Amino acid sequence: MSSSTPVSSAASSALPTAAAKDFPADFVWGVATSAFQIEGAHDADGKGPSIWDTFCRQPGVIADASNGDVACEHYQRWEEDLDLIKSLGVDAYRFSVSWPRVQPTGQGDWNEAGLAFYEKLVDGMLARGLKPYLTLNHWDLPQALQDIGGWGNRVTTERFVEYAVGIAKRLGGKVASIATHNEPWVVAQLGHESGVFAPGIKDRRIAAQVSHHLLLSHGLAITAMRALKLKASLGIVLNMAPMYPATDSDADRTAARLEDGKLRRWYMDPLFEGRYPQDVLDYLGHDAPYVEAGDMAKIQVPIDFVGINYYSRGMISANGPVDNKTSGLELTDMGWEVYPQGLTDLLVSIKRDYPGAKRLYVTENGGAFPDPVGADGRVHDADRTRYLDTHIAAVGDALAQGVPMGGYMVWSLLDNFEWASGYAKRFGIVHVDYATQRRTPKDSALAYKDFVVQQVSQRRTARQG
Ligand code: FCB
């Protein structure tokens, strides 16, 4: 088939709602994973322990009492996995570097075997025509740094800069993009306030200080990497959900506004306006972070993109979040509402509130559904396929409203270690049989592939026309 063959009509697409929308020719389609969730090889070739290795060993914290020791054996199977990504026809692969694999104690000596692993992974992507989208911190802090206070200790910001510069020097000439942190809200809130994620601390004051140190380390690392004059674009990845008031009452609206402040404005205001939102500072009171003079300017440095991870919405009343089960919306296996309109609303709100955010990506989006492998050896995950279809369409709607979207990445390539839920929740568009490590693309992977291939061919047609 010649590359200029007209594409089939939208109606026949595997993702019909998404196919009816317009995406620009340079729009990046990808899939995403993170190191701890797929690599395994937790102590191979000189890797040091991370806080997640330690956390998983505490009884009762992971739903199925599992850990990341073996995971998807991606450390051994990376070539097969890259072939799989290539076979999906996507442009990009978002992955993360395990800090303790390349710098076992989080400072000083580098582990050459770890660096070599990521170098061959990146080279493998380039050889397959895939753009590498690298994340530096997808939560697996070296345990040795936690032993001196982790993200609660300002010293960790300096360690992070050293790590970022080391990786940027080694890989920054090859990767398309480097994100400093993945979802600092999760690290601060779930790791240090509710304590359900590593390192399992339950202290609101520490959590607020952690969020400040994450933002500060982001700004410092961006400035240090910028000085290297890389071709990679530099940014950060944040998790967000639009917060809707349950009713029009003032009390509900105020509550929803505060939740939006805690999740979205707490991170976006410092990055783009150089200050924390006053309503959240008031809410934190004595627990507000200690901020040194000059810190806010160090955080508010220009970035090339903001990655947004979107899964669901929040519905907030003055009495707290409204129970998801009462909405009547479809729920994923995580109990999260399926609400694609929320993604459009969120992206439009960012364009409205932060004109300085010049490029946005959806760096994660997807759903956990329990679909098993059928008798025919396939996984008929119509629920996940529908989820992707409607959410990609929601990105199209945001584009139509002028939101500067650069790309979309599915979470996740593979079923993997879903943090405190262990292996019980499956987000992959590719099924993993953990007993055999066999990978089986689900129907959603095939549908995404068909859709992306169609987009790419439309792109070619447009260029030739
Ligand atoms: C996000 C994480 C990612 C994955 C998805 C389901 O919060 O960044 O690692 O666990 O949720």
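Values quoted throughout were computed directly from the atomic coordinates according to the rules given, and no laboratory measurement underlies them. These numbers come from a predicted model, not from an experiment. Neighbour counts are summed over all protein chains in view; Cβ atoms, including those assigned to glycine, are modelled from backbone coordinates with ideal geometry.
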Quick check on my filter: what residues within region 411-452 are farther than 15 Å from I38 by Cα and crowded, with 21+ Cβ neighbours inside 10 Å? K442, S444, A445, A447, Y448, F451, V452
Qualifying positions in region 359-383 - within 16 Å of the ligand (Cβ to nearest atom) and in a loop (DSSP other than H, G, I, E, B): N365, G366, G367, A368, F369, P370, D381
Mind checking which pairs have a first residue in region 358-383 that is acidic (D, E) and a second that is in a strand (DSSP E or B) and more than 15 Å from the ligand (Cβ to nearest atom), Cβ under 7 Å, 6 or more apart or different chains? none
Among the residues of region 322-337, which ones are in contact with a Lys or Arg (Cβ under 8 Å, 6 or more places away or on another chain) and either hydrophobic (A, V, I, L, M, F, W, C) or outside any loop (DSSP other than H, G, I, E, B) (or both)? L331, M334, E337
Taking V186 as the residue in question, decide whether it is outside any loop (DSSP other than H, G, I, E, B), over 27 Å from E80 (Cβ atoms) and in contact with a strand residue (DSSP E or B) (Cβ under 9 Å, 6 or more places away or on another chain). yes
Answer with yes or no whether G356 is assigned to a loop (DSSP other than H, G, I, E, B) and either within 16 Å of the ligand (Cβ to nearest atom) or at positive phi (or both). no
Are any residues in region 33-56 under 23 Å from N309 (Cβ atoms), surrounded by fewer than 24 Cβ atoms within 10 Å (Cβ to Cβ) and charged (D, E, K, R), and if so, which ones? none
For region 397-465, please list each of the strands (runs of 3 or more DSSP E) lying entirely inside it that holds at least 2 residues being more than 16 Å from the ligand (Cβ to nearest atom) and closer than 16 Å to G30 by Cβ. 405-411
